[in-house]
Every structure is written in C-alpha cells, then in structure tokens.
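> Sharing a structure, written as structure tokens. Questions coming.
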Amino acid sequence: MNIKYCDALVVGGGLAGLRSAVAAAQKGLSTTVLSLVPVKRSHSAAAQGGMQASLGNAKMSEGDNEDVHFSDTVKGSDWGCDQEVARMFVTTAPKAIRELAAWGVPWTRIKKGNHDAVINTKLTTIFEDDNKHGLINSRDFGGTKKWRTCYTSDATGHTMLFAVANEALKLNVNIEDRKEAIALIHEEGRCYGAIVRDLITGEIIAYVAKGTLIATGGYGRLYETTTNAVICEGIGTAIALETGIAKLGNMEAVQFHPTPLFPSGILLTEGCRGDGGVLRDKDGHRFMPDYEPEKKDLASRDVVSRRMVEHIRKGKGVDSPYGKHLWLDISILGREHIEKNLRDVQEICEYFAGIDPADEGQKGWAPVHPMQHYSMGGIRVKPTGESQTLAGLFSAGEAACWDMHGFNRLGGNSVSETVVAGMIVGNFFADYCVENQIDIKTSVIEKFVFEQESYMKELIDRKGSEDVFRIKNRMKKLMQEYVGIFRDGEGLDKAVNELEELYINSKNIQIRDKQLYANPELEEAYRVPMMLKLALCVAKGALDRTESRGAHTREDYPKRDDANWLKRTLTSWVDGDTMPKVEYEELNINTMEIPPGFRGYGAKGNLIENPQSEIRQQEVDVMTEKLEAEGKDRYEIQDALMPFPLQDEYKRKNVRLGDK
Amino acid sequence: MARELTIRILRYNPQDAANGNNLRPRFQEYKIEETPSMTIYLALTKIRETQDAGLAFDFVCRAGICGSCAMMINGRPKLACRCLTKDLPEEIVLLPLPAFKLIKDLSVNTGVWMDEMSKRVESWIHTSAQTDIAQIEEPIEPEVADAVFELDRCIECGICVAGCGTKLINEDFVGAVGLNRVARFECDPHDDRTADDFYELVGDDNGIFGCMTLLACEDTCPKHLPLQNKIAYMRRKLATVKGS
C-alpha cells in the first residue's frame, strides 16, 4: 500500500487551490497540490474580463469602497449570500489585487489625460488626473455601481494563474498533476486526507494529511452546453458528498452567462458589454433597454440571460442551423480598442465563428446564447472555510458554498473570490494544520484504499448492458432541458425521476477497454455515477424550492419569497440511497447589514416580503443615523451593524487615493 | 453533402509492454462524418464516444486558452481545439507532440517539463522590497505593463518546443518558452534581477546561446508571441555580461 504524508493537502490546482497552498507553505507546512491537469491549464485560466476589487483608482470608479462593493454583491446574490462572508471578501479583495501586482500580474494601468470610451453606445471622453497615472485601471461590469473590475486585457485569469502557480513553485509546494482524488479518508467525523488515483499508471494512493482542502471548481459539465472546461465535472464536490457527513449548499443555484459564443459555448467575456458592447436581435435592434431601462445590457447575469430567452421566445431570435440565437455587437467599440483590450475575444470569434468582431456593422456581430457558466452551490463551509459537519475538511473557490454569491454571482467576483478565499480560508486552513495533529490507524487507511482498488477492478470486470456515454449524455440533456434558465415543477419532477433512474442504471455500466491504467473510459465509468449524484442534488433542490431567487427561476413560482424561502438548501447523501437528503439552514434577517429589498434591476414588485425585513431596515436606519450624529466613521458604523470575523492582517483599512 | 473524414491516429501506450500487452506503435483509422464548424476537439470527442472509448487525448478549455491540446496535425504542431476540419483535407493524420514524454496515444506529459523549466529559469518575481498590501500599489508605466503582459500571454502549450530544431539535437535546451519567460521577467519592473543574474540561469548553450534561429517557434506559436525578437534581444544583452 502506497501512503504519502503531508501536513496540508490541497485537491485542485486552480487559483483557489494554489493560493491556499501558498498560504500553507508560507507557514512552513509541507504542502501537496493534486490536480487533474498541469495546474497552469486549470479552468481559472479561462477567466477573461477581470477581478472585482474596490481600488477606486480610475475616474469612473471614484468614490468606490468596500461598502459599495458589499451592497452590489448582496443585491447581486438576491439576498441569498452570507453577508458576513461578503464583508470578509470585499475587505480583502483590494489587498489581493495589490499582492498579485507585487507577484507580477501585469494589471492594465491608467494613463493620464483624455480617453475615449463607449458608454450607452455614445462615444464619451474620460479624463484621468496626473496622480492616477500608472495605478491599476478598472472596467465596467454587470450589476456594479462603479467601474470596479481590474484586468489584464481579456486574459486576466491566465496572468493571475501563472503568477500564483509560479509563487507556489518558488515556495517548493509539491505539485502533482494527473492525480485525481476519488474519495476522502475519514473516521468519526474527521477527515484525514484522500484516496487518489494516478491517471497515468492507475495506481491507488492514500494521501494522508492533517488538513484537506478541496478547490476543484464547479460542476458545469452536468449541462449539455456550458462555458466550463471539460474537467469541470464536480468530482471534488462529489467526494465530499459521498462521505455522507459533509453537506452541499444551494446546489440548485446555477448561473447562466448571457454571451457564450453560439453554438460552441466558448465564453465571450462580460467585459465586451462592460466596455460598451450591446446585444441585438434579428432586426438589429438593441433590446435590453426596453426591458431594463436603468442597467440596460449590464444588469446582473441572471437578469440579462432571462431577458434574452424571453426575447427569443417573442420571436426575435436569429435563425441558424443550430437553433435560435442573438447577436453581440462590439464593433461599435472600434478596432483599436478591440485589438488592445478584447484580443482573446477577437481571436475566439475568428477561430470558432469565422468572423472579425472589429468589422463594422452586422458583419462583425457574434452569435450568442445564454449557457451554463458558474456554480454558486458547492461544499457548505463555515466562514473559516471548514465544513460545518466534517472536521479537517476545508473548501475554497467555486467548489465551496462559502457563501458570498447566494443565488447569483456578479461578473468579476468569482476570480476575485478564488484568490481572496485562498488568502482567508487558506490561512484558516494552514492554522488548522499547524494546531491539529492526527492519529489514524493504518488499518483505516487500508480499508479505504482496498475499497477503491476493488471498485476499479469491479468496474473493469463488470458485465453490464449500459453505455457510459449514453447515460452521461442523457443526464446532460435532462439538466439542460428541465433544470436550466427557466424551470417549473413538472419539468423538474421529470428530471428528478429520470436522473434517479439513470443513477440506478449507472451501476450497470460495462467498460469495453479493460486496462486499469491510462484508460479514459474507466475514468468516465467512476465519474458519471458521482456526477449523477450532484445532478440529483441540483434538480431536487430546484424542485423543492418553490420560489424564484437570483439565477433560480421557477415559472410556476415567479416571485422571490422572503417569507418562506430565506434559507440555504443543504443536501447530503446517505450511502446506498438513490436520492439526496434535503434540509435547510435559515438566514437570519435580524443580523443582516442590508435586509432584503428590491435589487434595483429585474422585474419590480416580484416579491413576497418578510415582515422582519422592514423592522430590521428601520433598526439599521436608526442605528446609522445615531452613529453618524455621534461622528462615527463608516468603519465604526459598519462594525456596529454587523461585526464580522477576519484575520487582523486582512481587516486593516485599504488606503485609496480619494481618502480624506 | 458533408465530407467523410478519414482520421489516422498513432496509437501507443508505453505502459502496455510492462503489463503484458505487447502492442507496438501503430496507426488506427477512423471514419467520421464532418459537421459544420467541426474542430479536431469535436471530432476526437465524437470518436471516443462512438467508436473507441480508450482513445487518449487532452483537452481542458477547448477555447485556445489553456494550451493542453497541442498535437501534430498533418505534420504541423497546432492547438487541436481551434483547428477547424474544414481547413484540412479529407485525410487527417494526428500524432502526439514530440519532445515530451508520451503518456498514451495523443496525450503527452507537458506539465512536468514545464514545471522544471519554470524552476530552472526561476519564473517568479525576485525582489527584496516588502509590499504592504493595504497601501496604494506602486505605479507602473502603462506601456511597460502592456509590454510585460505581451510576453506573459504564453500558455506553455509546448508547440515552440516541439517545433524546435535545437531541442531535437540538444535534449537540455530550455526552448523558446523558457527564453521568453526570462525576457518577460527582464522587462518587469517588479523584478530586481540583473543581466548577470539571468546569465547565471540561461547564459550557456542549453539556454540563450543554444538557439540556432531556425524560427519555427515563432512560426508555430499559437499566441503569436514575438519570440525571435525577444531571444535576439536577450542574447545581445547576455553576450555583454562578464565572462561570456
């Protein structure tokens, strides 16, 4: 039996995992990162448009601070988020970006003087003062009051990922790629590491550690069309679920991005619209202002995606051999802007759609359609990032439900969450590994290793009648059709029933290729049943949630229901069951800094109010007024309204140019 | 009428012999109907799902961003995800990327090689400055930041290494990817390293003086990086360092 030991084990080599590993290595811990692929190829690299942090440097972001970022994030989440966690996040984000600048991320910088920008399709001139020259620039994104999204052209995730991966290499973090965690080692409510399959040799290895952190990203590949990389199958989330102890939060909260290229699903960044690009229909009409007069093309993603599908349903979609789509027009930004700031977008359009988006008029319009993009749900954790129920298991980034996104994530907040959670959760995780020892019998480890070894042999030898790809593709189809942008009870019911059937049938998969090593079919055979469990958590959570909130839209329950549904869905899986166990965790209005209200975009009056919201709002107003009269500053007022935990280093005030 | 494509793929698993399967490297032929805007990614995925579930290849982002899927496509190293079949003849020959360790079929191990390269050229910021992350960041000239970004766009796909004549005759050559990385940190104002320091890392025949200027790296780079210019610039810079 091959047992490897380290102090801190990180599963997943994207930005969240690597930044957490850096935190552990900085504390002198022996740290191992496991990744399906070379870490610099992780899906974090695909984040294009940028990272939100309230630096407030540029003209259009003057006056920005943690409070504005916090308010945007809470409204974006449709009041589904944990407001304490959102506060931890917005307070740390400016520090994260400044740390990354020091690590070499070549953030696009402000140039003093006049600049042209397209705002609301009109060419506008923006003047930047001399004292801003050379500071980090930011662009506009959906659902934000200020221009807050910092960027490196449209390859932001790529430059961030390389900088953090290089930092991990510098600190001698042990990075092992083509290694897949397929189960967690745990006993009596404590996690001791993971059982790992070497994807080249097929060897099953036990990685034993004082603490284990899962940062394997989202589960977008449960859907037929998604912007997610092919590795985003949610296996890290699934191994937590399979412990029967760790729980998943809000799995039904799935985001659909408005502008993936159609039909390939390759993302065209929100920065396209942030920089002034617009959506058009088959008549060339810019339709978003008709629906959203205030935020127009830049309402939050859930709202824009719904409006697009609504508009297509009205017969305004463009016909194509693959179905109907709409247009994204960035040609109005001009060739120079596109070739500097939207270069990957231009390349993607050229390679995958055969168009140059800088060409003037319809010739340069890109076909787009909303598709699955982000998983707000994930492993439910405390503000420290540790599972609420399985000690020693942590999670960060998209894999986690920490929960700063609630039912809708703002553009630019995810790549920001990866590094911020890597700092905050990564340090809590590192502290845990410093402070806690483990004492585990080799017989326990052996039991887990043998279990997986015999499972692999059983999969190879099994004589069944099911084809793994048929089951997988059917699952994707069901998720696409019934658990998508618009959902209703009938469709969800059908999806849940058929997914359960598929899960049962997945025990009957037969593999044609009989090797235990380097065998992609075997990988599919053990992953697909795990994916079906996740799909059932998503579909069942969506079926039971009889309201609409953020990205979760029930046509039979179109209102956000704060009276009954201000709660987080928790799903867990009892071994041997064919359906997840669903419970709920209440959100407490009485401790919220911003009690539930109207988001400022999306349909008005679409809300069943909770009487407590108004009471809390009055309480907040009275307190704020009183403290202001006493001459307290915004930090003191915030602390009085909703104190939140955060490491001292990260809680320090962020210095800005505009500080008085 | 849709074309019927014939895709010939080199099949080989180096682990087979040790596991008692004495299979030699061989070509296997697959027939597949072409669909509109089909890429090599879509074609290979279809083949795996419908004809040969054991066929090994690597894709991650399938959008030309992550650099996972470089392979030899009709004799040229390319990113398979953004290679449209309509631009290729009916017969397509796929081989694994040379210069890297073969895992199986079209899958090669670039990760280990690239991590070693990164450590060899110390691909991270070297500085004695302490940054207080609560304070306003150090201003950087916008043009300088853009110049660093330009070289930071490398995705470590390995195509420049696979296309490199020098690497063919000198196993230890650091490749254009490594030299570009050195040039990237050389122009980054956050990095304190001097020409002397870079000379210590790549000032020999396995590094900057090994390049024979055959230009294939720049010809094949999917990110269109100015590799030859940067290599020439670094060579001139390091050639003036003491002892060279």
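> Check cross-link reach from A:K447 to the aspartates and glutamates: straight Cα distance under 19 Å, and skip same-chain residues fewer than eight apart.
Filter leaves A:E180, A:E187, A:E188, A:D198, A:E203, A:E242, A:D439, A:E458, A:D575.
> For the stretch A:17-99, max minus min Cα coordinate along each principal axis, in Å, sorted largest first?
Ordered largest first, the stretch A:17-99 gives principal extents of 41, 26, 25 Å.
> Quick one: if you stick a label point 7 Å off each Cα along the C-beta vector at A:F598 and A:K282, how many nm between them?
3.4 nm
> Interface B/A, total buried accessible area with a 1.4 Å probe, nearest 100 Å²?
6200 Å²
> Report, ordered by chain and residue number, the aspartates and glutamates lying within cross-link reach of B:K237, taken as a straight Cα distance under 14 Å and ignoring same-chain residues fewer than 8 apart.
Counting by Cα, and skipping residues close in sequence, B:K237 has these aspartates and glutamates nearby: B:E186, B:D196, B:D197, B:E200, B:D204.
> Among A:K146/A:K632; A:K145/A:K316; A:K507/A:K581; A:K441/A:K507; A:K382/A:K604; A:K122/A:K295, which pairs are too far apart, with a Cα-Cα distance over 22 Å?
Cα-Cα > 22 Å for A:K146/A:K632; A:K145/A:K316; A:K441/A:K507; A:K382/A:K604; rest within.
> I need the calculated FRET efficiency for the pair A:Y5 and A:E187, taking r as the beta carbon distance and R₀ as 22 Å, to the nearest 0.05.
My answer for the efficiency is 0.85.
> State which entries of A:K27/A:K170; B:K46/B:K104; B:K46/B:K223 exceed 22 angstrom in Cα-Cα distance in the structure shown.
Pairs exceeding 22 Å: B:K46/B:K223.
> Divide by every residue of the protein assembly as shown the summed helix terms, -39500 (n - 2.57) for each DSSP H run of at least 4, and state the resulting mean residue ellipticity at 222 nm, rounded to the nearest 500 deg cm²/dmol.
-10500 deg cm²/dmol
> A follow-up question, please. If a/c stays under 1.5 just call it rounded; otherwise compare a/b with b/c (prolate if a/b is bigger, oblate if not). Do that for the stretch B:105-244, with a ≥ b ≥ c from the square roots of the Cα gyration tensor eigenvalues.
Prolate is the answer for the stretch B:105-244, as a/c is 1.5 or above and a/b outweighs b/c.
> Could you tell me, in Å, what Rg and Dmax come out for the Cα atoms of the stretch A:1-155?
18.7, 67
> With θ set to phi - 60° and the Karplus curve 6.51 cos²θ - 1.76 cosθ + 1.60, what are the ³J(HN,Hα) couplings of the stretch B:160-168 in order, to the nearest whole Hz, using x for Gly and Pro?
Running phi through 6.51 cos²θ - 1.76 cosθ + 1.60 with θ = phi - 60° gives 5, 6, 5, x, 8, x, 4, 4, 4 Hz.
> Continuing with the same structure: Using a 10 Å cut-off around each Cβ of peptide A:339-347, what is the average number of partner chain Cβ atoms that fall inside?
Taking the mean over all residues of the peptide, I get 2.
> Which three extents, in whole angstrom, do the alpha-carbon atoms of the protein assembly as shown cover along their principal axes, largest first?
Over the protein assembly as shown, Cα extents along the principal axes are 79, 68, 65 Å.
> Take the Cβ-Cβ distance between A:V574 and A:D513 as r, set R0 to 41 Å, and report the resulting FRET efficiency rounded to the nearest 0.05.
0.80
> Show me the ranking of peptides A:484-495, A:644-655 by mean Cβ neighbours inside 10 Å, starting with the highest.
Result, highest mean Cβ count within 10 Å first: A:484-495, A:644-655.
> Over the stretch B:1-120, give the accessible area per residue in Å² for a 1.4 Å probe, as an integer.
Computed with neighbouring chains in place, this is 43 Å² per residue.
> Let me ask something else about it. Across peptide A:461-468, what mean number of C-beta atoms from other chains lies inside 10 Å of a residue's C-beta?
Mean shielding by partner chains, rounded to a whole number: 1.
> Then there is this: For the stretch A:532-660, what is the charge dipole size about the Cα centre, in debye to the nearest 20, if Lys and Arg each add +1 at the Cβ and Asp and Glu each add -1 at the Cβ?
500 debye
> So which of A:K95/A:K132; A:K95/A:K296; A:K282/B:K86 end up more than 24 Å apart by C-alpha?
From A:K95/A:K132; A:K95/A:K296; A:K282/B:K86, over 24 Å: A:K95/A:K296; A:K282/B:K86.
> May I ask for the Kirkwood hydrodynamic radius of the stretch B:65-113, worked out over all distinct Cα pairs and given in angstroms to one decimal?
About 11.4 Å, per the Kirkwood formula over Cα pairs.
> Given the convex hull over the Cα atoms of the stretch A:15-57, what projected area results after averaging over all orientations, in nm²?
Averaged projected area of the stretch A:15-57's Cα convex hull equals 4.4 nm².
> Go through A:417-426, A:448-457 and give me the packing order, highest mean Cβ count within 10 Å leading.
A:417-426, A:448-457
> Per-residue counts of other Cβ atoms within 10 Å, averaged by peptide: what ranking do you get for A:78-88, A:340-350, highest first?
Order by mean packing, descending: A:78-88, A:340-350.
> Taking +1 at the Cβ of each Lys and Arg and -1 at the Cβ of each Asp and Glu, which of A:C81, A:G361, A:A181 sits farthest along the dipole of chain A towards its positive end, judged by Cα position relative to the Cα centre?
The one lying farthest along the dipole's positive direction is A:G361.
> For the stretch A:431-587, what is the Kirkwood hydrodynamic radius in Å, using each pair of distinct C-alpha atoms?
18.1 Å
> Under a 1.4 Å probe, what is the accessible area of the stretch A:64-144 per residue, stated in Å²?
27 Å²
> Could you report the stretch A:211-362's accessible area per residue, 1.4 Å probe, as an integer in Å²?
Heavy-atom SASA per residue in the stretch A:211-362 reads 29 Å².
> Could you sort the residues of the stretch A:142-159 by number and keep only those whose accessible area is reduced by 40 Å² or more in the all-protein-chain setting relative to the chain alone, 1.4 Å probe?
Hits at the 40 Å² cut-off: A:H158.
> Same structure again: Tabulate in residue order the Karplus-calculated ³J(HN,Hα) for the stretch B:211-216, using 6.51 cos²θ - 1.76 cosθ + 1.60 with θ = phi - 60°, rounded to whole Hz; enter x for Gly and Pro.
With the stated coefficients, the stretch B:211-216 comes to 4, 9, 6, 7, 6, 5 Hz.
> Over the stretch B:113-244, with every protein chain in place, what whole percent of the accessible area is carbon and sulfur at 1.4 Å, could you tell me?
51 percent
The values are calculated or read from the model by the stated rules, or taken from the named source; none is laboratory data. Bear in mind that the values here come from a model prediction, so they are computed numbers and not experimental data. Cβ sites come from the backbone with ideal geometry, for glycine too, and all protein chains shown count toward neighbours. These accessible areas exclude ligands, DNA and RNA; they are computed on the full protein's heavy atoms, side chains included. Shrake-Rupley method; radii C 1.70, N 1.55, O 1.52, S 1.80 Å.
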